[in-house]
Amino acid sequence: MGWLQFKAIVRKDLTRELRTRDMLVSMILFVLLAMVVFHYAFSVKEGVDLTYFTGGMLWAVFIFAMLLGLNRSFAQEKDERCLDGLLLCPVDRVVIFLAKTAGNLIFLLIIQAVAVPVFTLFFVSRSYVADLPLFLLVLLLADLGICALGTLLATISMNTRSRDLLLPILFLPLIVPVLIAVTAATTTIFATGTSLGSLATRLLFLLGFDLIFMVAAYGTYDFAIGE
Amino acid sequence: MKKVLSAPALFVGSGIFLVLGLLLAFWYSPVDASTMGYSQKILYFHAPIATAALLAFGVAFVAAVLFLRSQDPKWDRLGVVSVRVGLLFSVLVMATGMIWGKAAWGVWWAWEPRLTTFLLVCFLYAAYFVLRSVVEEEQRRATYAAVFAIIAFIDVPITYLSTRLLPEGLHPVVLGPGGGGMPGNMLVSFMISMFGMMLLLAALIRRDLGIEDLKERVADLKNSIGG
């Protein structure tokens, strides 16, 4: 079902971004700057232990960065009327959704590839190499939910009058469940280390969230993107 | 039948049941034996209001699905009206919940699963109205609102589940698995209040629908005389 079209759209998004790099560079800088802000916001006194804030800080940063990225990913389409062209192509709307989600996921992963090592250097005192596979699994499951839901809502908000102002208001209350699960899981990994068994509930929850919203977006995207 | 289900009749019916429920709650049902005493009486309103709020959002969800299938504006009107009433009830849930929280736990606000869920529900459905206000075109506004109402309603149980992933839990689970259950003389008052609240919900939705229909007619008339 539209595998070629899927690849074409993803490649288009990646090529466009890699030629200018304005979105990626700003998002990476934003993420790094946010870490500095968090450090000073939380360091109420010398040598305070921030370990139990690490999960929260990391994911708050990613979610805010993603809001920037999601807005950009559709603003460009809209400004140059690329989206109209895309809609005129004989492509299933759902393929557009999946491709857009995949594109956003790739950007988020690129940012995380830079941000997570720096974050670890700044804030995590324990080595979590043993839990790295588990951490990556948590990361991927949370990213998927964030990107799927974010893409659907960004599609809606870019077609409205207030555009990027609207997205956070729609997106943040819906993403809180992911934030709760992923923050707890990440903090546990950073602070004490853990096993697959003890994270199972949270992982299953994230997986369930991803699946449910993929299906919901699949069912409603036709309407969200408009004719 | 039509007369019985008219808004005034429903208002009168709900008034009778709510007052009866209140009287029974104080003079028939037992006073709470634990530390809560009379403050526990708020249960007879708090829980029915919460149920009514969720039911209203359920109605909005069904209306949204029906709208997307038929594109008939009457379902959009039902959707707006249900969300509006649901939001009103959600704010009341928070208010009564906070009053009860102060009496039972000694604090106005606790980050407790159900209270937190309703806080997020309030944000979610407030966003629904923000979304509506920034789309001018009628058909598009209705479509986006429907998509968002569907996503939001799916998110409510997920949010509740996610808040349960956190360790603490202050809320008494009264009905359902693990609940303490209710003795007969509490249940009667509770169910009468519940029924009254459902009638009130129906009455409010009914009345608001009437108002929306009138608005529609005014708009049509204005158009027909060229104003």
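The values are calculated or read from the model by the stated rules, or taken from the named source; none is laboratory data. It should be emphasised that the depicted structure is a prediction, and the values quoted were computed from it without experimental measurement. Neighbour counts run over all protein chains shown; Cβ positions are idealised from the backbone, glycine included.
The table below gives the values:
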| quantity | calculated |
| --- | --- |
| Any hit, the stretch A:54-74, residues being among the hydroxyl-bearing types (Ser, Thr, Tyr), out of contact with any Pro (no Cβ under 6 Å at 6 or more places or on another chain) and surrounded by fewer than 14 Cβ atoms within 10 Å (Cβ to Cβ) | no |
| Candidates A:LEU141, A:LEU166, filtered to the one that is at pLDDT 95 or above and buried (at least 20 other Cβ atoms within 10 Å of the Cβ) | A:LEU141 |
| Candidates A:ASP79, A:ASP143, A:ASP49 - the one that is of a type in the set (Asp, Glu), away from chain B (no Cβ under 14 Å) and touching a Ser or Thr at 6+ places or on another chain (Cβ under 9 Å) | A:ASP49 |
| Answer from A:LEU121, A:LEU166 - the residue that is within 12 Å of chain B (Cβ to nearest Cβ), in a helix (DSSP H, G or I) and free of Cβ contacts under 8 Å to residues at least 24 places away in the same chain | A:LEU166 |
| Test set (1) surrounded by 14 or more Cβ atoms within 10 Å (Cβ to Cβ); (2) away from chain B (no Cβ under 12 Å) - A:GLY219 fails condition number | (2) |
| Single residue of the stretch A:185-215 satisfying the filter (within 9 Å of another protein chain (Cβ to nearest Cβ) and crowded, with 19+ Cβ neighbours inside 10 Å) that is nearest to A:ARG81 (Cα to Cα) | A:PHE213 |
| Out of A:ALA181, A:ALA154, sole residue that is at the interface with another protein chain (Cβ under 8 Å from one of its Cβ atoms) and surrounded by 23 or more Cβ atoms within 10 Å (Cβ to Cβ) | A:ALA181 |
| Selection count, the stretch A:62-86, where residues are acidic (Asp, Glu) and in contact (Cβ under 8 Å) with a residue 40 or more places away in the chain | 1 |
| Some residue of the stretch B:51-72 being farther than 30 Å from B:GLN139 by Cβ and either modelled with pLDDT of 90 or more or among the hydrophobic types (A, V, I, L, M, F, W, C) (or both) | yes |
